[in-house]
Each structure stands twice: as C-alpha cells, then as structure tokens.
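Structure record follows, encoded as structure tokens.
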There are 2 protein chains.
Amino acid sequence: MAVTADIVVVGGGVIGTAIAWQAAAAGRDVVLVDPGTGESASLVAAGMLAPVSESLFGETALLALNLLAVRRFPQFADELEEATGTQVGLRREGTLAVAYDPGDYAALARLTEFRRSLGLGAQSLDARACRSLEPFLAPDVRGGFLFAGDYSVDNRRYASALSRAAALTGVRIVPGRVTAVLTADGAAPEVRLAGAGVPDSLSCAAVVVCAGWWSGGIEGLPAGVSQAVRPVKGQLLRLRLPAAMPPVLHYTIRATVRGTDVYLVPRADGELVVGATSEERGDDRTVTAGAVHDLLRDAMSVLPVTGELTLAETCAGLRPGTLDNGPIVGVAGDGLVIATGHYRNGILLSAATADAVVALLTGHAPAPEWAAFSPERFAAPHRPAAVRP
Amino acid sequence: MAVTADIVVVGGGVIGTAIAWQAAAAGRDVVLVDPGTGESASLVAAGMLAPVSESLFGETALLALNLLAVRRFPQFADELEEATGTQVGLRREGTLAVAYDPGDYAALARLTEFRRSLGLGAQSLDARACRSLEPFLAPDVRGGFLFAGDYSVDNRRYASALSRAAALTGVRIVPGRVTAVLTADGAAPEVRLAGAGVPDSLSCAAVVVCAGWWSGGIEGLPAGVSQAVRPVKGQLLRLRLPAAMPPVLHYTIRATVRGTDVYLVPRADGELVVGATSEERGDDRTVTAGAVHDLLRDAMSVLPVTGELTLAETCAGLRPGTLDNGPIVGVAGDGLVIATGHYRNGILLSAATADAVVALLTGHAPAPEWAAFSPERFAAPHRPAAVRP
C-alpha cells in the first residue's frame, strides 16, 4: 500500500494542522499523518499568547520571534474563524502579573525592569489597583504589573477549528504513527508508517515533521536534531463555575506565590485553566497528587474563590522542549522540513510557523526572526569529544 | 404493564443488593429496582468497617449496632466470595489513628479515653512506634493509637460481588426510579415507577425501601421518616501507585491534622482511598477544587509520599444522613419495610441490615441492637407546635 502527495505533514497538533491547512490553501496536495491518540501537547495547553509576560533573561531572539507570532495571530485567527464558522475564543485583555509576598514582588519587579529595557510595555499597579482590576484577588497580593501586549486563545477550540479548516481545504488525514523519514540527495522523501490498516509508506515531494517531542524518535532525522528534543511534562487543571456563579476573572493572571509560578487563564464561559508544572520525567503523562495539590494551593492563595469552583479536569501533556528552549523550524535535508521544539509556545507560534514553513515549501524566505531557530544549529550530533573526527 | 413478586427492593446500593440477595437465598421471589445511574453512595465510600475508630461521644447505641455489624461482616464476606468466586478485599489489619500537632494529639487522646471507657481496645503508640508500623508517616506525626478491631473492604469489589450474588440467586433487576409506594391496611403494596421502557407499577407482598437519601423523595413513606433523611455530600480521592512503587501503607490511617480529619485506606493493589468531606449542600455531587486541595494537603501532611502517587479519581457521593445520625431500619406500614439512613456506615452495616430485614420479612425478630433504630422514632412528622392536634 502506498500513497502519494505533494506534501506529507507528520503530526496533528496545532503546528502540523496549521501547516497542513495553509499548504493546502496555497494549492498543494497535502496528507496529514496523525496517530489520533489525542496525546497532543496542544490539547493540554492553556492557550496563553504571552510574548511579554513569558520573556525571560537571555532569550531575546526568542522574544523577537514570539512578538512576530503574537502580531500575526489575530489575523490568522480571523481567517480561521471565517474559514470554519467557529469561534476560537481569542481574548485581548492582557496579562495581570501579581506577586504574593515581598520576595515574589522583588523578583517580579526585576524581571519587569528587564522586559521594559527591551521596549515591552508594563504598567505598575499597587495592591489596591490590582484588586480594582480583579476584585477576587486575595488581600495578600502585594502588587503587580499589567502586560497589555499578551493575548490568549481557547486552545481546544483553536485546535478543533484548525482540523476543520484543514479538512475543508482538502487535506487528507492518514492515521498511524510515523517511524521513519527516508531522504536522499535528489530523491523524493519516503515516509514509513506503523499501525493496523495504515499505508506502509507515503511518497511525496516534501515532508514536514511536526511530531512534537516524539519527533526525536523518528528515524532519518539529523542526529543532532533528534537529540535536541525531549518531553517536558506539564500538568494543569480546568476549573468550572458552579451554576449561577458569574465569571471570577477578566485578565489572565500570572502569579508568583512564595517563589513558584502559577497562571490562571479565563475562558468566555467562565472556565479557568490553571497551570502548570514543568517536569523532566520522560514519556510520563500521569497526573500526580502532589502537582494537583501545589497548583490548587497556589491558585487558592492568589484567588481564594477558586476553592469554590468545580474541578472539572486534571491533565498532563508533554511539551517538546529543546536544548536552548527555542523551536526548530527549517530545512534539514532534501525535501525534509522540521517544525518542532515549540516547548511552552506552541499555540502562540503556530500561525507564524505555518507562514515560515509554507514560505520554505514555496521557495520563499521565512521572516528574519526565524534565522536563529533553524535545525542547522543542532546539525552536529552531541558526541563525547573523544570520538569526534 | 405490571410485574408481581414476593418482595420488591427499592435501591441497588449495597444495602438493597445485600437484602435482595439474602431474601432470594431465603427462598423469596425478589425484584430489585434501581435507576442504574451509578450514583449510589456505596461506590464513593472508602469501605472502612470501623466501629471502634468511628465511635463518637454520645452515640453508644450506634456503637453497639456497629460492633454487631463488624462481628457479622467477615462471615458474610466469606459467603459472598464463595457464592460469586470473587474476592472483596477484606483487610483485618486495623486502624492506626495518628495526630499531627499537640492539639490534635490532645483531642485524639480524649476520644480514645472515651472509647476505652466503653470497653474498646486501643494501643497507645509514641511517634517512633507509629513510624515503625508505617515508615512513610511524616516526622511531624506526634503519636497515635492502634485500633485492632477495625477492618476494611474494597467497597467497589464488594458492591459488584453483591450484584453478582443477587443475579446468581435469581433476583430480577428492573431499571427505573421509584416515585411512590402505595400501602393500605390489609392490602398488598404497590410500587410506582418512572422511566422509559419500565413497568408502570409492581405489586408484591412486601416492599423494602433502601433508596439512600433519595428515600425521602418517594411518595407514600411516613412523613416523619421522609423528613428525617437528607443527603450529606462526601468527596474523596483515589490515588494509585506509579509503576514499580511498592505499597506505601499497611494499616488504615485516620489522621487528625490541625483539627481536621482525613483517612487513607489501602487496597491490596496499593491503591489508597483518601476521604472525606462532609457537606450540607443538598443534591450536589460536583467535585470542588477546595475539597480536593484540602484532602491532598492533609494526606500529604501525614504521609508525604502521597504527593508522588497518581491522582486516579476524584468523586463525590451523597450519604443518607438522618436527624440522629442513626440508620432507619424496620416496619413502617402494612408490607412496608424501611432500610435507609446508614450515613457514614452503609458498607459496615450492610450485612447486619440484610439479616435484620430478612428476619422481619420471614416473621422473626431482628437482633436487639436494632431496637433504637426503628422508623417509629420518626413516626410523628416534624410540624411546628402550633398546628399539632
């Protein structure tokens, strides 16, 4: 059994689906391969589009990329809503970052100074001003900063709309798990699959690998790229309003509570997404009692009313982390494009990544902000020095 | 559509199912009516058979009944295992009651003195002795008492075995919800049902109402009995061992942690049941963030390793509470038997309740410990004094 297509996209998270949709919209014949296990990190995310409040010391190239992505996102979301007739829940209220104790406030103030030095806007708010924006905040909250440049989107509605847009644009879905991508100079790539009732292989002009942390397990990728990707476990909670309780948040809240970070992202229906842990545990998606406890403790510390909400869901996902926390997007061989390693920013970067990959597939140059994130930076495998040639 | 039987049992929790099985084993033709919604409080319980560590000041008649029940339980469980060929997970290790801080210890010591004054056995243990029995206990634990007379059972295996035993003994199951039980002097009772594809009514020689807190909503019961029953919400958690982690508990642990009570009940496969809240919220089975947080906080305070366990399930059930915390078991009209209001002790009391009800149905006297728990104590409806005759 063999299937042919112009382009094979490997992975049905938001990165792969956005690329498949946009490549099909550009006139290409596209096959999307996805195991259909529902294990995509895209479904466990909170949907923060937060280049400003996520920026950290020393990650200026990533900040520039994230700013490109957040500027692009609203128009992409508009196109998606128009193509599918569904709402994806984009919110533009911004992020209110708050601190719980004096040490938390000092750390948040230092980070905000750094962000301002990069030209990012942040409005200082004392405790009273924070509570006038969000009346349910705990009296203990010391103060904070409003980052107006952050948005959020309902990640599950967004992922579902992307799937629908891809299908409406003619993308063919093939279930199954990709085991290898075989490329050779001057030859068409071949994609090998495993799974019952699934084609053995797909041949195509180009293959785009967007399999998240699992990308590292696909044979045929440059060894350095495979080694650069790893799963970073994130656990989060979904809280819902009991009947007749009005919404308890307007802004996305990021709180530093006794040195640990927690965020609370509101949805239009009042749901709150509370996250997230960051754990190095390999391929482990179990929900642990300790993580749920810590998330609830920190959420209830800054927003006590969360204790009254229904604990609707606990879940865990595996973000594709990389050695330098940046995504890996670019050409990695004849007919082979990589688009993975989006770590904590997969939803945010999805639209900009689709633009960049479609540019590569159609012979154009991606935006310059992508220059620092090509697979080439991991081209040499990480071997002990002694065995290097 | 009408169905006839010797005995109609209303309610498929452990009380109703145990009665149906035993009545059928005694040669009666039995129909069991159950809505099949899986909302039985029996499925949310932890399965503690704990007359000793559950006994409270002022509840001596209930203690005597619970002691009767725990003496009866092992033989009943043996018969059940033999009848069905399945194990119900009876454990006889006892309960280790521990205190977290000096105030907790003082309260536990006072309660233990009272229990000893009633002749119950309790072995005093200092902190070191507690940890030698349960090495994973937190260093903060001040000490405690071992109550050897407590058992536990896997409530879900037990409920499932009872259903199987009832079916094997010829009990017929009718789905649907009972709306009314019509009785009249000298006439056979009639049971009215609601639900699609369900008989409108059942006629029988006797009806036994075991519908838990919902019993109060069935028309035709004495008004005082209906008014005496209410739902008391209990939330609990099920924690499971990650792969390769050996069991972390041997005894049932009851802990007093900064004035609140938490219990941890181990199963043979290492699962721990952690409970439970006690909330007056009417017909509300939602799982709340605050309750899950508090249970995890208290469990992790006394047994820190619980933080590493998988949070496999959160659930809420509605115990049938009564005005005096005692069950309501006995004849309440011509051909009408009540067996409800078992509150926190439904699993424990199920075998003894089946004995008592089968005695009543076959013209024998129940054990004298039941004398204080007849429906007659609630015979007069609770009306304002002004309208009493």
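The values are calculated or read from the model by the stated rules, or taken from the named source; none is laboratory data. Because the structure is a prediction, the values reported are computed rather than measured. Every residue, glycine as well, gets a Cβ built from its backbone with ideal geometry; the counts of neighbours run over all protein chains shown. Protein only, heavy atoms only, side chains kept; ligands, DNA and RNA dropped before computing areas. Shrake-Rupley method; radii C 1.70, N 1.55, O 1.52, S 1.80 Å.
Some notes on this structure:
- Spin-label pair residue B:129/residue B:297, simplified geometry with 7 Å Cα→Cβ offset, distance in nm: 3.2 nm
- Calculated label separations, residue A:126, copies of the chain, 7 Å along the beta-carbon direction, nm: 5.5
- For the protein assembly as shown, the Cβ-based charge dipole about the Cα centre amounts to some 700 debye (Lys, Arg positive; Asp, Glu negative; other atoms uncharged).
- With all protein chains modelled, accessible area of residue A:204 [1.4 Å, Å²]: 10 Å²
- Top of B:361, B:309, B:90 by mean-square fluctuation, Gaussian network on chain B, Cα under 10 Å: B:309
- Ellipticity estimate at 222 nm from DSSP helix runs (n ≥ 4, -39,500 (n - 2.57)) divided over the protein assembly as shown, nearest 500: -9000 deg cm²/dmol
- Residue list for region A:217-236, given a label point 7 angstrom along the Cα-to-Cβ vector of residue A:93 and an amide N cut-off under 20 Å: none
- For residue A:124, solvent-accessible area (1.4 Å; no DNA, RNA or ligand), Å²: 70 Å²
- Rg(Cα) / (2.2 N^0.38 Å) computed for region B:261-389, rounded to two decimals: 1.41
- FRET E, pair residue A:56, residue B:223, Förster distance 51 Å, beta-carbon r, rounded to 0.05: 0.15
- Contact order, relative form, for chain A: 24 percent (alpha carbon pairs under 8 Å, 6 or more residues apart, mean separation divided by residue count).
- Inter-copy label distances at residue B:372 (7 Å, Cα→Cβ; nm, one decimal): 7.5
- Fraction of accessible area attributable to carbon and sulfur, region A:199-308 (%, probe 1.4 Å): 52 percent
- Taking a span of 18 Å or more along the helix axis (Cα atoms) and a mean Kyte-Doolittle hydropathy of at least 0.5 as the rule, the DSSP H helices of chain B that qualify are B:289-302, B:346-361.
- Take each residue of peptide B:296-305, count the partner chain Cβ atoms within 10 Å of its Cβ, and average: the result is 2.
- With all protein chains in place and ligands, DNA and RNA left out, the 1.4 Å accessible area ranks A:293, B:364 as B:364, A:293, largest first.
- R0 of 35 Å, Cβ-Cβ distance residue B:187-residue B:86: FRET efficiency to nearest 0.05: 0.30
- Nm distances between copies for residue A:101, ranked from closest, using label points 7 Å along Cα→Cβ: 1.6
- Of A:275, A:341, A:259, the residue with the greatest mean-square motion in the GNM of chain A, using alpha carbon springs below 10 Å, is A:259.
- Percent of beta bridges antiparallel (DSSP, the protein assembly as shown, rounded to nearest 5): 70 percent
- Accessible surface buried at the B:A interface totals approximately 1300 Å², computed with a 1.4 Å probe on protein heavy atoms.
- Per-selection Kirkwood Rh - the protein assembly as shown (Cα, Å, 1 d.p.): 29.8 Å
- Probing with 1.4 Å while keeping every protein chain in the model, the per residue accessible area of the protein assembly as shown equals 39 Å².
- Cα centroid separation, region B:124-149 to region A:285-311 (Å): 29 Å
- Test item: A:308-321 mean partner chain Cβ contacts at 10 Å: 2
- Cα point-scatterer Debye curve for region B:35-184, base-10 log of I(q)/I(0) at q = 0.12, 0.16, 0.17, 0.19 Å⁻¹: -0.68, -0.98, -1.05, -1.17
- Potential lengthening of the chain between residue A:312 and residue A:107 amounts to 70.6 nm, from the contour at 0.36 nm per residue minus the alpha-carbon distance.
- These residues, A:240, A:267, go from largest to smallest accessible area, 1.4 Å probe, as A:240, A:267.
- Rounded FRET efficiency, nearest 0.05, which uses the C-beta distance separating residue B:6 from residue B:196 and R0 of 45 Å: 0.95
- Inter-part distance where region B:176-244 and region B:1-25 are each reduced to a Cα centre, Å: 11 Å
- Model label zone, residue A:367; criterion: amide N under 17 Å from point 7 Å along Cα-to-beta-carbon; scope region A:77-109: A:77-80
- Residue with peak Gaussian network fluctuation, chain B [Cα springs, cutoff 10 Å], from B:365, B:167, B:41: B:365
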